[in-house]
């Protein structure tokens, strides 16, 4: 479930234009004990409140088949199924760029299994890249407390190599060499837009050299 802000909060840019200090909600918890999804959701709320970016977790469409009503005021879903395969976890907009990314975590310390990504997710990322979107995977090595923004171009190539040659995982060393590592903090919990800024800068440089 995605929770939207209910209070009145002045966006960062609007406050800067008026010469005032922006009013940001205080964090009610740190990253300790949080899942990767919780950390990302907290970060997205911070970015939204500050007027920096609008990124939300995508809802998964389901078809409800059977509902029981034990009480008039309460319904209990007994049977449901996914209407279609989900694409990626998050999408939104930042500085005029479309963002689309998948979030995955692992307890492994030396590698990340590629089977955690589904073919339709890889295809979706590839299609978004073709439209000049900023696409990536946010990978958390939870035991190590290390987090990486891995560009979709590298992830797609690794996944295709797995299907062609049977290499079933990305090693931590490969992820380190082909990703942007981010450090967990307080506000936001996971400052992944720092890595997005670098992806955008690299893209601009690449286009400038053509």
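Rule-based calculations on the coordinates, nothing more; no lab input. These figures come from a predicted structure and were not determined experimentally. Here Cβ is always computed from backbone atoms with ideal geometry, including for glycine, and neighbour counts include all displayed protein chains.
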**Request:** Indicate the gyration tensor shape class of region 95-150 (rounded, prolate or oblate), computed on the Cα atoms with a ≥ b ≥ c the square roots of the eigenvalues: a/c under 1.5 is rounded; otherwise a/b larger than b/c is prolate and the rest oblate.
**Result:** oblate
**Fill in**
Of 46-53, 99-106, 173-180, 159-166, ordering from highest average Cβ density within 10 Å down gives 99-106, 46-53, 173-180, 159-166
**Item:** Highest to lowest packing among 109-121, 186-198, scored as the average C-beta count within 10 Å
**Value:** 186-198, 109-121
